[in-house]
Amino acid sequence: MLFLFNDVVFDLGDLNGVLRSGQIPLSPEQIETLTAAQLNSLVREAVFADPNIAHNKPEHVRHLVALISYVAPGANALLAVRPDGAASHAEVGLRYANVTITTLASLWKDQELGYLTAGQINDQVWLAA
């Protein structure tokens, strides 16, 4: 399973395996009862603390996108932006999308080859959504 977080495509592999790996700091019961609002707050807090979290802490983001995929199964892309001068995590903007698997696979391939650019992502995902 592929998921685009900002400018990084993550391969989650087996979603249940990631969720049950014991590496997510939530119990299975907490995962089961996690709401979209709570998840959005977690994502906002993480991006507020580190706007470049997808590059700086990819394993952390991999867990976040696994949670997103579980809680909001129609979403497979997220643009999370902390504006300059943001005073709190509430100011982090979130935009979700459902991107075709062919587009995600193409982006994944370009990422693996070192060719993926933010402009390419904008053109193929965010301007098309």
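Throughout, read-outs are computed from the coordinates displayed, never taken from laboratory work. Predicted model only: the values in this text are computed from it and were never measured. Glycine gets a Cβ as well: all are built from the backbone with ideal geometry, and neighbour counts include every protein chain shown.
Return the Rg/Rh ratio of segment 14-64 with Cα-based radii and a Kirkwood Rh.
Answer for segment 14-64: 0.97.
Seen from VAL18, the other residues with C-beta closer than 12 Å to its C-beta sum to a net charge of -1, counting Lys and Arg as +1 and Asp and Glu as -1. With a Förster radius of 25 Å applied to the C-beta separation of ILE101 and LEU34, the computed FRET efficiency comes to 0.50. Over the chain, dividing the summed -39,500 (n - 2.57) contributions of all DSSP H runs of at least 4 residues by the number of residues returns a 222 nm mean residue ellipticity of -13000 deg cm²/dmol.
Distance between the C-alpha centres of segment 1-32 and segment 71-110: 15 Å, rounded to the whole angstrom. The Kirkwood radius of segment 2-98, taken over pairs of alpha-carbon atoms, gives through the Stokes-Einstein law at 10 °C and 1.306 mPa s a diffusion coefficient of 118 µm² s⁻¹. Take 52-65, 89-102 and order them by the average number of nearby Cβ atoms within 10 Å per residue, most first; the result is 52-65, 89-102.
Quick check: net charge around PHE48, other residues with Cβ under 10 Å of its Cβ, Lys/Arg +1 and Asp/Glu -1? Every neighbour counted, the sum reads -1.
Within the chain, what percent of beta bridges assigned by DSSP are antiparallel, to the nearest 5?
So the antiparallel bridges in the chain amount to around 80 percent.
The local environment of ASP123, defined by Cβ-Cβ distances under 15 Å, has a net charge of -2 under the rule Lys, Arg +1 and Asp, Glu -1.
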